[in-house]
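Scroll down for the structure; my scribbles are underneath it.
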Amino acid sequence: MTSLTREIIDLDQPDTWPSDLLSVLTAHHGTLRSHEVGPLSNRFDAALYSVVEALQPYSVVGWHCTRLADHEVEDIKANGMTLLDIDLVSRRIGAAVRAGLLSSDHGDRLARTNQAAERYRAGMLWFCFFRPAIAGEGGIGDLLRFWGGEAVYNSHDRDPEMGPIIAAIGKPAIVEAEIPIAWCGGNRGLRLAMNIGQRFVVAQGTPSRNSSHAEDNIKQHLPGEFIRQVHVHPSPEFVRLAGCADWYRPL
């Protein structure tokens with residue numbers, strides 16, 4: 001297996017990409033371009049998997065929008081981030097109860113009713129690979145307003161009793177991390193390979209009708225050494241990343 005170099009690929013700066021990656025993209029330029037202008041080449045899948053292979057040693061910067069209590073910020077900085085599952089939700093709730101941020105009764109309600117075991121949530125940790133502000137208030141607002149993560153607050157944020165309680169825990173936060181492409185999506189970064197192929201073709205002068213804003217999940221623990229920073233509201237960098245200064249509902 002290819003070892004990770006921790007070298008970061010800046011998605012917005014194709015002219016800075018590693019020479020070995022650029023060689024592969026150049027060799028398959030016409031085939032990758034067919035995805036943007038059609039008709040799709042019958043060699044597209046092979047070209048895409050060549051890009052996947054070239055990306056295996058590299059990482060990208062990702063951002064995870066959430067709401068964190070002080071002890072959770074420190075834990076992420078020291079120990080990294082854990083995949084979503086029922087045990088993680090239970091541990092977070094238990095720690096919040098012990099810290100006096102939740103009553104036992106309210107903690108039990110959150111533990112009984114949540115979406116942590118759902119197919120498209122369990123065992124995953126999601127990141128966007130673009131400045132979160134691009135998603136706007138409608139895309140990230142609730143992630144930052146309600147504690148517990150989407151799998152928890154989705155079942156409680158509109159409840160007249162529980163909504164205000166989970167909105168009062170912690171502070172809005174954006175975790176900035178280095179994400180190994182090889183860990184992405186359970187398919188070694190296929191989604192990012194498509195995005196990078198698109199960005200390369202666009203940089204060569206071909207317009208694209210497709211969004212260039214990629215996101216994906218990883219399915220393994222992200223160690224603390226991969227955490228660059230946890231930006232907490234109202235720090236200037238948090239405000240810049242979230243783009244929340246003029247939101248309809250201020251944080």
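Descriptive notes on the structure:
- Sites A168 and E225 - FRET efficiency at Förster radius 30 Å, r taken between beta-carbons, to 0.05: 0.40
- Å³ per residue enclosed by the Cα convex hull of region 1-61: 91
- Dipole of region 162-251 [Lys/Arg +1, Asp/Glu -1 at C-beta], most positive-end residue of P236, G185, A167: G185
- Given +1 at the Cβ of Lys and Arg, -1 at the Cβ of Asp and Glu and no other charges, the dipole of the chain around its Cα centre is 300 debye to the nearest 20.
- Cα gyration tensor category, rounded, prolate or oblate, for region 187-243 with a/c compared to 1.5: oblate
- Test item: Cα-centred dipole of region 44-174, Lys/Arg +1 and Asp/Glu -1 on Cβ, debye: 160
- Given charges at Cβ of Lys, Arg, Asp, Glu: region 7-65 dipole, positive-most of S19, F44, S59: F44
- Each of R119 and H213 was given a label point 7 Å from its Cα along the Cα-to-Cβ line. The distance between the two points is 2.7 nm.
- Length added when fully stretched, D246-A95, from 0.36 nm per residue minus Cα-Cα: 51.0 nm
- Each Lys or Arg adds one and each Asp or Glu subtracts one; over the other residues with Cβ under 9 Å from the Cβ of D157, this totals 0.
- Label-point gap, in nm, between D10 and S104 - each point 7 angstrom along Cα→Cβ: 5.4
- When only the Cβ of Lys, Arg, Asp and Glu is charged (+1, +1, -1, -1), the dipole of region 77-133 relative to its Cα centre reaches about 200 debye.
- Shape of the chain, Cα gyration tensor, a/c cut at 1.5: prolate
- Projecting the Cα atoms of L222, T31, L251 onto the charge dipole of the chain, computed from C-beta unit charges around the Cα centre, puts T31 farthest toward the positive end.
- Dimensions (Å) - region 103-251, Cα atoms, principal axes, largest first: 57, 35, 32
Bear in mind that the values in this text are calculations on the coordinates, not laboratory data. All values derive from a computational prediction rather than experimental measurement. Cβ coordinates were reconstructed from backbone atoms using ideal geometry, including for glycine residues, and neighbour counts include every protein chain displayed.
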